[in-house]
């Protein structure tokens, strides 16, 4: 095709209406997942790239037709080291998916580090405005930091995860409550009765206590025993072993890959068979992992983030929202070798 393909071209190739293509590219849940994936794959193969300026004109809600909005989105990080966020496999995967879905919508994604030498929130704001950039994805904040000193007026912004408490902006996050609920439901179908939950205080706080809350709710409604939650300052093989000896759960939910590895080492060192004596569930399971657990749906988290951000941009909805909204993306259960087969 000598010219750039249009949405109508994609619609003809997919044998659907142009409005269906538009919904698929926005990952609209009103379309079946198979339809969305088929159309997005076709659009990618045709090298279709929507013009964000045209999208803005179609939206018809720009504050001023004279204002030119940039086609680059800022990915804002605040870790102590510039590449610090990349140490998390989840954050790196999220960034890759964000770039893909931004590109599909006709935008680029560019990283900006708030801790850069000579950088300040005020200077970064000036840089973004000078470059005509009005869309920001705020990466999860490091450590115990839950606030960001940045003036979001003149910007549309979406926060990833639940670490940013102030200022209050829209955020898209993995649904940690749902992840634990799904895991417990699966364990119940396998006839597990005594289920424990292990996390650290740091992780518990970063997810707004949603994982622990889901476990405690399940203990009241689904699991016929009192809670065996182990929320500790720092998980070690020694303190995990003491907790296990005291409560002897049949299955243990572990909130991160690090905690899951500690549990594997602990039980291997003490001759405890997995899953014969105790079963383990990784609540932060990698898609290609062989253990049982719940994968965080990072692709859909990224897709929802880009969809909401570009929609706000194209409607010129800038500044802090009066009523911040949250999008919670559920996880996906995957059975593996660390739990026993379902009992029929």
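None of the figures in this text is laboratory data; all of them are computed from the coordinates on show. Note that the structure is predicted; figures quoted are calculated from it, not measured. Positions of Cβ are generated from backbone atoms using ideal geometry, with glycine treated the same way; all protein chains shown enter the neighbour counts.
Note on residue 33 and residue 15: the extension gain reaches 4.8 nm, defined as 0.36 nm multiplied by sequence separation minus the Cα-Cα distance.
Once the piece of chain linking residue 322 and residue 277 is laid out straight, how much longer is it, given 0.36 nm per residue of separation minus the C-alpha distance between them?
On the way: separation 45, 0.36 × 45 = 16.20 nm, distance 5.20 nm.
Using 0.36 nm per residue and subtracting the Cα-Cα distance, I get 11.0 nm.
Mean residue ellipticity, 222 nm, helices only, the chain: the sum of -39500 (n - 2.57) across DSSP H runs of n ≥ 4, divided by residue count and rounded to 500, is -12000 deg cm²/dmol.
Mean separation of Cα pairs under 8 Å and 6+ residues apart, divided by the residue count of the stretch 7-48: what relative contact order is that in percent?
Details: 35 pairs, mean separation 16.0, N = 42.
Once normalised by length, the contact order is 38 percent.
Fewest neighbouring Cβ atoms within 10 Å first, the residues 217, 329 line up as 217, 329. Note on 339, 310, 277, 35: ascending count of other Cβ atoms within 10 Å places them as 277, 35, 339, 310, the fewest first. Treating r as the C-beta distance of residue 194 and residue 286 and R0 as 25 Å, the FRET efficiency rounds to 0.40.
Please compute the modelled spin-label separation between residue 166 and residue 315, points set 7 Å along Cα→Cβ, answer in nm with one decimal. According to this spin-label approximation, the distance is 2.8 nm. Peptides 316-323, 199-206 ranked from most to least packed give 199-206, 316-323, packing being the mean of other C-beta atoms within 10 angstrom over each peptide's residues. Measuring nothing but how far apart in sequence close Cα pairs (under 8 Å, 6+ apart) lie, relative to its length, the stretch 159-318 scores a relative contact order of 23 percent. Measuring nothing but how far apart in sequence close Cα pairs (under 8 Å, 6+ apart) lie, relative to its length, the chain scores a relative contact order of 19 percent.
Based on alpha-carbon centroids, what's the gap between the stretch 187-257 and the stretch 266-290 in Å, whole number please? That distance is 14 Å.
Could you line up 272, 136, 262 from fewest to most neighbouring Cβ atoms inside 10 Å?
Ranking 272, 136, 262 by Cβ neighbours within 10 Å, fewest first, gives 272, 262, 136.
Using 0.36 nm times the number of residues separating residue 120 and residue 86, minus their current alpha carbon distance, what extension gain do you get?
Numbers: separation 34, 0.36 × 34 = 12.24 nm, distance 2.16 nm.
10.1 nm is the gain from fully extending residue 120 to residue 86.
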